[in-house]
Amino acid sequence: FLVYNAASSNIGSVTEIPLSAHQTTLDVNTRGVIQMTHTFSNYLQRHKRTGGMILMSSLSGEVGTAFVTNYAATKAWNTAYAHGLRHELQPYGIDVLACVAGPITTPNYVNVFGESRRNEFLEQRPDEVVSECLQSIGVRSSVRTGIIGKLSRFVTVRLLPLETALSIFHNELEKMLPP
């Protein structure tokens, strides 16, 4: 079983973040995924074993999110990659799932956003996310975790015009930016 949970994110305007930091985000969030899934799936196929892979994605990639633009784009890529890869690897007994989560109260997340800039209404505990992913692998190619994750996808992608959804994501993340 492989869980790709490594991620790189820079918070701020695209033009204010150094190009090298954007490159790191691409390397960790896309190239790293390709390297790990390629290596792991070849290993399983070579040894005629079955298995599964969970690729961590993000709700920010659902519509694109200002101030984490590059990160959001890479997470949208992770979801699309998981959808395609699942169908490619199913004949070999290898399952793939994109875990599309919102804010997860990991130590890194809490450290980056502190207590004052967090939106606890949107947050999930790590054990909640893990439980939903384990229930979903083998059933579908992606899962939006938590009630808020499912509801926000429905509202922002299906009910609201795209520009309104983008504005909501932008405004919520802007509240979390350092002063």
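The values are calculated or read from the model by the stated rules, or taken from the named source; none is laboratory data. None of these values were measured; they are calculated from a predicted model. Using ideal geometry, Cβ is built from the backbone for each residue, glycine included, and neighbour counts are taken over all protein chains shown. The protein model used for the area step is the full one, side chains on, heavy atoms only, and it has no ligands, DNA or RNA in it. Shrake-Rupley method; radii C 1.70, N 1.55, O 1.52, S 1.80 Å.
Using the structure shown, decide if Gly146 is in contact with a helix residue (DSSP H, G or I) (Cβ under 8 Å, 6 or more places away or on another chain), open to solvent by less than 30 Å² (accessible area, probe 1.4 Å) and on the phi > 0 side of the Ramachandran plot. So Gly146 fits the description; yes.
Screening region 1-60 for residues that are open to solvent by 70 Å² or more (accessible area, probe 1.4 Å) and aromatic (Phe, Trp, Tyr) and picking the one that is farthest from Glu123 (Cα to Cα) gives Tyr43. Listed by position, the helices (runs of 4 or more DSSP H) inside region 122-176 whose residues that are in contact with a strand residue (DSSP E or B) (Cβ under 9 Å, 6 or more places away or on another chain) number at least 2 are 126-136, 146-153.
Scanning region 49-94 for residues that are outside any helix (DSSP H, G or I) and touching a Gly at 6+ places or on another chain (Cβ under 9 Å) yields Arg49, Thr50, Gly51, Gly52, Ser58, Leu59, Phe67, Val68, Gly93, Ile94. For the condition more than 25 Å from His22 (Cβ to Cβ) and modelled with pLDDT of 95 or more, Gln90 qualifies.
Checking each residue in region 7-34 for being in contact (Cβ under 8 Å) with a residue 40 or more places away in the chain and not in a helix (DSSP H, G or I) picks out Ala7, Ser8, Ser9, Asn10, Ile11, Gly12, Ser13, Ile17.
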